[in-house]
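Q: Handing you a structure now.
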Amino acid sequence: MRVSSSSSHPPPHTLAAPHRRVPPSQPFPGDQAHEAYCACGDPTATRKLFDKSPHRNVIFFNVMIRSYLSHGRHRDALCVFSSMTAHGVRPDHYTYPCLLSACSAAEQLLGGLQVHGAVTKIGLDSNLFVGNTLITMYSRCGRLREAEQVFAGMAYRDAISWNSVCKEMVRSGGARPNAATLASLLSAVTDISTGDVTFLREMFDDMPHRGLISWNAMIAIYANNSMAAEAVELYRRMELEGVEPDAVTFVSVLPACGDLSALALGAQIHDLVRRKKNLCPNLFLENALVDMYAKCGHLRAARSVFDEMTQRDVVSWTSMSMRESGLKPDHIAFVAVLSACSHAGLLEEGRPDPTVEHFTCMVDLLGRAGRLEEAYGFVKQMPFKPDERVWGALLSACRLHSNIAVGVAAADHLFKLAPAQSGYYVLLSNIYARAGRWGGVAAVRAAMRRRGVKKTPGWSNVELEGRVHTFLMGDRSHIQSPDIYAELAALTESALHDVEEEDKEGHLAVHSEKLAIAFNLRVCGDCHSASKIISKITGREIILRDVHRFHHFENGLCSCRDYW
């Protein structure tokens, strides 16, 4: 009879019953039964089976050790190993990582040292899994020097190796690797937590000699962890210290420029790329330039770079026209085109074979066109379970067209999917307010208070002379705040000379977008109108990016044609 381990983890009595029916003359079912008991989550039953077995091989001992480990009984696991050696059973490459995990959790340094000696003796210290577990064991026992020695001596390292050494150094709070290890660590680790980034930056700043690889790695770490401002700041510092950037530097910092809409810095880097004639053609660098210009709203420059490319891939074409060149677009390209159709009001142009992202764009497209009942029906007939993005698109459309019934239905789903997301409460409150349903507004605000939800303040960026300035609503922390508010007051006077004095402040006062223009969130209607007026008064083109699209304001008009 064979008993297989089951992922559904049946209760132990269902496995014990068949064992009682096994005739004494038949061989004991052994490893499979033992594995099944271990999977049941019952180390006591596993131990009973273990003790009854007349022929305990290495697999039996490994399963027993694992069973104790999985239930936090680390000292019991070590006792099983002692019994294993007493019975003359030789451990294998599965045994040692389990033992090291037990030593690590129980902080048994002496036992860990003995295991390390044993694996070295039989040549298992070169095993990747064993090496990773040794790093963790030494780190947890406070022996960072030994952990670093194991790491440095590994012939091959995977993501777990790098992750282990980084996280355990952070956990130790003060240990520093040597320069060679740190340079390798920085170049390998890019997707880590915010706390780890801070720790790595401290190590980076402590390095006596920072080569180009270390600079590139630290910039990439910031860029890959959505810390665009820090990436740009570090690039500026790199320039000041006279370190010559290369293509890798630019590929990392250009997306950060795009995220911050730092067009001037991005264009400066592009000029530097042109002067360094050996950098292009480079597909990754040219794609980064196209993406940066597109994110900054400078589509003519993006197209110019695109046209000059000698080679293009799907990333290149995603931002441009693909069908005419015979290259098959991917799902990201379709999402970009659908989003463009939605924001331009092009209802008939946007119907592809869908993924959930495409459904979201279709809901947005129908909703913005005012066909809310059709959009709601579309959501209910989706072959996927609608997620937060789908219901969020529908709720936004309901705010645009003041549809309370569909808006409430969408909000109910959103409050379950994202109960702490303040934006959805604000949207529903705005729908009620537009309809004069003040009781509904009060109910939404009461729900926010009851659930502890707080509205996140809006913020806006503006780039000036290579620096990115950030403003919150009503912000007076900027060193030039007096001048900014004076300029805003002058614009208020020019724009609203026929409006009562007490109303002018409400029209053009202290929203973050206006502060940024005078010196992104979905731009509010008030700020959108103000931006058109300011562009006409000052005779300047204003490019404003919110979370959905770009707005090019020129001579009192916006590129979105007031459809956003």
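The numbers here are math on the coordinates, done by the rules we state, and not lab data. All figures in this text were calculated on a predicted structure; none of them were measured in a lab. Glycine also receives a Cβ, built like all others from the backbone with ideal geometry; neighbour counts cover every protein chain displayed.
Q: If R0 is 56 Å, what FRET efficiency do you get for Ile537 and His209 from their C-beta distance, rounded to 0.05?
A: For Ile537 and His209, the calculated efficiency is 0.55.
Q: Within the range 197-291, report the trypsin sites (Lys or Arg not before Pro) that DSSP leaves as loop and that have at most 16 other Cβ atoms within 10 Å.
A: Lys276, Lys277
Q: If you don't mind, another one. Need the C-alpha centroid separation for the range 232-281 versus the range 392-435, integer Å.
A: If you average the Cα positions of each part, the centres end up 41 Å apart.
Q: Given 0.36 nm per residue, what is the gain on full extension from Glu374 to Leu283 after removing their alpha carbon distance, in nm?
A: 28.5 nm
Q: Here's a follow-up. How many nm separate the modelled label positions at Thr470 and Ala447, each set 7 Å beyond the Cα in the direction of the Cβ?
A: 3.1 nm
Q: Moving on. Report the full-extension gain for the segment Phe129 to Lys385: residue separation times 0.36 nm, less the Cα-Cα distance, to one decimal in nm.
A: 88.3 nm
Q: Right, here's the next one. Please work out the Cα convex hull volume for the range 229-323 and give it in Å³ per residue.
A: Expressed per residue, the convex hull around the Cα atoms of the range 229-323 is 88 Å³.
Q: Using 23 Å as the Cα-Cα cut-off, could you pick out the over-long pairs in Lys385/Lys416; Lys416/Lys454; Lys385/Lys455; Lys48/Lys121?
A: Listed pairs above 23 Å: Lys385/Lys455; Lys48/Lys121.
Q: Tell me the label-point distance for the pair Lys121, Arg434, using the 7 Å Cα-to-Cβ offset, in nm and rounded to one decimal.
A: 7.7 nm
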